[in-house]
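Worksheet: the structure to be examined is printed underneath.
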Protein chains: 2
Amino acid sequence: MDALTKAPARARRLSAARESSGRLTRRADDGSERLADASLRIAMLAPPWISVPSPGYGGVESVVSTLTEALVNRGHDVTLFCAPGSVSRATVVTILEEPHPDAIERALFEVDHVAEAFDQIDLAGQHDRFDVIHDHCGFTGLAMANRIDTPLVHTLHGPFTADTAAFYAHHGHKGTLVGISRAQLASAPRGLEPLGPIPNPIDLRAWPTQARKGDYLLWIGRMSPEKGPHRAIAAARAVDVPLVLAGVIQPGRQAFFDKEIAPHIDGDRVRFIGEVGGAAKQSLFAHARGLLMPIRWDEPFGMVIVEALACGTPVIAFPEGATRELVVDGKTGFLVADVRAMADAIGQLPRISASDCRTWVSQNCDGDVVAAAYEGVFRSVALPRPAPKLVLSA
Amino acid sequence: MDALTKAPARARRLSAARESSGRLTRRADDGSERLADASLRIAMLAPPWISVPSPGYGGVESVVSTLTEALVNRGHDVTLFCAPGSVSRATVVTILEEPHPDAIERALFEVDHVAEAFDQIDLAGQHDRFDVIHDHCGFTGLAMANRIDTPLVHTLHGPFTADTAAFYAHHGHKGTLVGISRAQLASAPRGLEPLGPIPNPIDLRAWPTQARKGDYLLWIGRMSPEKGPHRAIAAARAVDVPLVLAGVIQPGRQAFFDKEIAPHIDGDRVRFIGEVGGAAKQSLFAHARGLLMPIRWDEPFGMVIVEALACGTPVIAFPEGATRELVVDGKTGFLVADVRAMADAIGQLPRISASDCRTWVSQNCDGDVVAAAYEGVFRSVALPRPAPKLVLSA
């Protein structure tokens with residue numbers, strides 16, 4: 001695109017974005033195509049740290065994987081910029097020589113990855129240019145989004161802290177921000193107004209419903225006070241139901257684990273199985289009587305809630321952060337104020353229908369549902385495609 | 001600058017850069033000013049981690065401080081983008097709320113700082129626009145330098161490792177790179193060809209010569225095998241001369257210190273004084289009989305060598321990395337192959353003249369000398385200023 005055509009294209013972009021009701025079906029007066037139902041060219045910008053999907057724990061990489069495959073299924077032309085080792089039906093472009101799981105957030109790698117992806121996006125010719133960048137990679141893409149012509153959509157994956165709120169206050173206007181829960185959006189800095197929420201997606205085929213449950217309750221997560229494994233133990237002990245604890249003990253958390261958790265582990269009523277993944281994790285969720293989420297922090301999402309519900313496993317959660325949106329009280333589980341109420345709710349779990357849980361996920365978090373929501377955002381920001389060239393006879 | 005004038009300006013920039021001999025004295029045919037002897041508008045981009053100059057150890061911040069003050073002295077209009085708490089005679093612009101000494105290289109802060117600085121640089125009007133960005137801040141500025149109109153000069157502060165060499169191979173062409181030693185330049189990835197070397201500067205007023213020395217030898221640095229404190233002890237012990245060790249024990253180095261260093265400390269022949277700064281550090285350097293640098297790594301520069309020589313204190317170094325350039329064998333100290341030769345050279349220290357040491361620094365690393373060298377680089381990349389507007393009577 002040369003300098004002379006750039007300015008009008010930008011003006012059209014703004015007016016297209018304002019037609020917020022969505023699908024733009026008419027051809028513009030100048031003959032340019034409005035991307036109404038056409039497939040989109042999407043540059044999916046994953047982080048450089050871990051391959052997509054992640055071999056172990058990798059929240060953002062799982063989200064990117066599920067969404068990418070769902071967008072490909074919907075007929076879009078997706079290029080996935082990601083760490084080596086990634087597998088996808090999209091066009092996979094890896095930039096750095098290796099993943100960097102032990103250097104997460106190191107500027108050297110994030111900047112190298114994003115700047116090179118931007119350069120490759122710029123190199124796409126006028127007729128195969130990208131319609132949108134969907135950015136999941138830290139901070140570099142959004143902060144520099146005013147320096148690339150392709151519109152950038154940035155999913156907010158984390159909570160707003162003092163540091164990230166300052167960052168988004170500085171740079172949030174440079175792209176289209178999408179939040180993942182109402183709780184997260186409510187904590188956004190004033191004036192930011194992200195779109196959404198669009199929840200994190202799940203591939204339902206990987207999480208089959210299991211109606212016939214085992215006898216145990218499940219707690220899964222990082223071993224830390226705000227995640228509440230000690231409270232899960234207290235609730236399960238109070239009603240003498242077996243509890244399985246799964247998750248990692250991160251550096252700095254061994255003392256908490258040794259003091260608050262280890263003394264309760266007896267291999268029978270309270271079991272600890274460490275980190276699980278893959279089919280073992282899915283089976284663990286599917287056969288649990290219920291998932292306990294006695295958290296005490298403003299968690300912006302709760303992927304484990306969605307995974308449990310997908311298997312037809314109800315959830316009992318404290319009403320913190322996004323749990324109030326992901327658990328429908330009395331329908332897919334219970335929202336309870338404290339450990340005592342959690343213990344009481346365990347007895348009510350048979351009232352919850354496994355298929356109700358599955359249906360809620362299917363309607364709200366299924367990969368295709370989430371991809372359709374993002375597709376609407378992408379169409380609202382995409383620039384019109386240039387008109388096909390007319391060949392005139394002399 | 002509008003889109004129509006941008007392309008010709010860029011073409012002029014390339015031809016100006018090719019006149020590599022330096023000062024451009026003629027007015028161009030179109031009347032634009034060629035910045036011949038005019039003062040430059042320089043955006044000095046310091047890191048966001050530590051204030052300038054650093055209150056404690058801060059290699060890059062000290063370099064930026066000395067160079068900035070020297071450029072101001074030479075009449076240039078310098079704006080220093082830096083961490084809060086910085087002090088300079090330049091225009092000081094701080095971006096983040098606080099320094100982040102414990103989050104060095106964290107992408108969130110580096111990207112926030114650089115992207116905001118770029119935005120402010122872009123906002124400068126046509127007639128007070130910056131001529132050049134001098135970038136000392138990690139990786140973000142260089143990787144995005146093709147996305148800002150102001151030319152960017154990037155000083156290479158670190159060694160080339162596998163990771164940084166890959167980064168510079170990807171993004172080095174986007175700015176003008178300047179190395180700090182021939183040893184560093186020799187290890188640059190093929191095809192990179194940085195300018196220089198331009199050594200790190202020192203403010204000679206802060207390091208007065210001391211001709212009358214004490215009886216001790218000095219070793220200063222991080223406590224690590226490649227820096228060789230254990231070798232300095234062996235050399236000093238061999239000729240029974242007192243040794244003062246100064247420096248930090250970084251995380252992970254306690255075992256090395258406990259095993260190789262601590263057993264030798266006796267408070268008399270071998271003393272350990274921890275980290276020193278300010279006037280105490282200058283006095284320590286000035287009164288030493290000599291500085292020992294028995295290093296075993298490809299160090300890209302050696303600021304402590306320059307600091308010692310500035311005080312008239314000679315240096316005995318292993319010929320590794322930049323020591324071969326910073327020590328003139330037999331004139332400002334000795335380059336020796338091993339501990340045995342280092343011990344022998346200690347006896348030769350009286351042959352070295354304090355004023356020869358000082359003179360070498362004055363001629364090579366003085367702030368004004370270094371600033372003049374950078375000024376040449378800046379002039380070679382700066383875009384011509386727009387011609388003054390002619391008002392025609394109708």
**OP:** Find which of B:A310, B:L152, B:P263 sits farthest along the positive direction of the dipole of chain B, computed with +1 on the beta-carbon of Lys and Arg, -1 on that of Asp and Glu, about the Cα centre.
**Re:** B:A310
Original post:
Rounded, prolate or oblate: which one fits the range B:231-352, using the alpha carbon gyration tensor with axes a ≥ b ≥ c (rounded when a/c is under 1.5, else prolate when a/b beats b/c, else oblate)?
Top reply: rounded
**OP:** Let me know the charge dipole size of the range A:156-295 about its Cα centre in debye, to the nearest 20, where only the beta-carbon of Lys, Arg (+1) and Asp, Glu (-1) is charged.
**Re:** 240
Subject >> Pairwise centroid distance, computed over Cα atoms, of the range A:162-225 with the range A:306-364, Å >> reply: 17
Subject >> DSSP-defined beta bridges in chain A - what % are antiparallel, rounded to 5 >> reply: 5
**OP:** Can you check what the net charge comes to around A:G179, using other residues whose Cβ is under 12 Å from the Cβ of A:G179 (Lys, Arg +1; Asp, Glu -1)?
**Re:** -1
Original post:
So what is log10(I(q)/I(0)) for the range A:130-184 at q = 0.12, 0.13, 0.18, 0.27 1/Å, when the Debye sum runs over its Cα atoms only?
Top reply: -0.25, -0.29, -0.55, -1.16
Original post:
For label points placed 7 Å from Cα toward Cβ, what is the shortest-first list of nm distances from A:G158 to its copies?
Top reply: 1.9
Original post:
Between rounded, prolate and oblate, where does the protein assembly as shown land on the alpha carbon gyration tensor, with a ≥ b ≥ c its root eigenvalues, rounded for a/c under 1.5, else prolate if a/b exceeds b/c?
Top reply: oblate
Original post:
Of the cross-linked pairs B:K259/B:K281; B:K213/B:K259; A:K259/A:K281; B:K213/B:K331; A:K227/A:K281; A:K174/A:K227, which ones have a Cα-Cα span greater than 23 Å in the structure shown?
Top reply: B:K259/B:K281; B:K213/B:K259; A:K259/A:K281; A:K174/A:K227
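Please give the per residue accessible area of chain B, computed with a probe of 1.4 Å over protein heavy atoms only, in Å².
Numbers: 16770 Å² over 394 residues.
Ligands and nucleic acids excluded, the figure is 43 Å² per residue.
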Original post:
For chain B, what number results from the quotient of the Cα radius of gyration and 2.2 N^0.38 Å?
Top reply: 1.08
Subject >> Cα centroid of the range B:88-144 to Cα centroid of the range B:252-286, whole Å >> reply: 36
Subject >> Total charge dipole magnitude, chain B, about the Cα centre, Cβ charges on Lys, Arg, Asp, Glu only, Debye to nearest 20 >> reply: 980
**OP:** Label the range B:62-209 by shape, choosing from rounded, prolate and oblate, from the square roots a ≥ b ≥ c of the eigenvalues of the Cα gyration tensor; if a/c is under 1.5 it is rounded, and otherwise prolate applies when a/b is larger than b/c, oblate when it is not.
**Re:** rounded
Original post:
Between copies, how far does the label point of B:P319 sit from its twins, in nm, shortest first, when each point is 7 Å from Cα along Cα→Cβ?
Top reply: 7.8
**OP:** Rounded to the nearest 10 degrees, what's the angle between the helix A:162-171 long axis and the longest principal axis of chain A, both from Cα atoms, 0 to 90?
**Re:** 20
Original post:
Of B:P101, B:F139, B:A183, which is farthest on the positive side of the dipole of chain B, counting Cα position, with +1 on Lys and Arg Cβ, -1 on Asp and Glu Cβ, and the Cα centre as origin?
Top reply: B:A183
**OP:** State, in square angstrom and to the nearest 100, the accessible area buried between chains A and B, both chains counted, probe radius 1.4 Å.
**Re:** 2700
Original post:
Mind checking the angle between helix A:107-123 and chain A's longest principal axis? C-alpha axes, 0 to 90 degrees, to the nearest 10.
Top reply: 40
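Of all accessible surface on the protein assembly as shown at a 1.4 Å probe, what whole percent is carbon and sulfur? Walk me through the intermediate numbers first.
Values: 17180 of 33550 Å².
Looking at the protein assembly as shown in its full context, I get 51 percent from C and S.
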Subject >> Charged-residue dipole, Cβ positions (Lys, Arg, Asp, Glu), the protein assembly as shown about Cα centre, Debye nearest 20 >> reply: 680
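Starting with the highest mean, order B:257-266, A:201-210, A:314-323, B:374-383 by the number of other Cβ atoms within 10 Å, averaged over the residues of each peptide.
On the way: B:257-266: 13.8, A:201-210: 18.1, A:314-323: 23.6, B:374-383: 21.3.
The peptides rank, most packed first, as A:314-323, B:374-383, A:201-210, B:257-266.
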Original post:
Angle between the Cα long axis of helix B:278-287 and the longest principal axis of chain B, 0 to 90 degrees, nearest 10?
Top reply: 50
Original post:
Counting only the heavy atoms of the protein chains, how much of A:K331 is accessible to a 1.4 Å probe, in Å² to the nearest 10?
Top reply: 100
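The values are calculated or read from the model by the stated rules, or taken from the named source; none is laboratory data. These figures come from a predicted structure and were not determined experimentally. Don't worry about glycine lacking a Cβ; one is built from the backbone with ideal geometry, like all the others, and counts go over all protein chains shown. When the accessible area is computed, the model is the full protein with side chains, heavy atoms only, and any ligands, DNA or RNA have been set aside. Shrake-Rupley method; radii C 1.70, N 1.55, O 1.52, S 1.80 Å.
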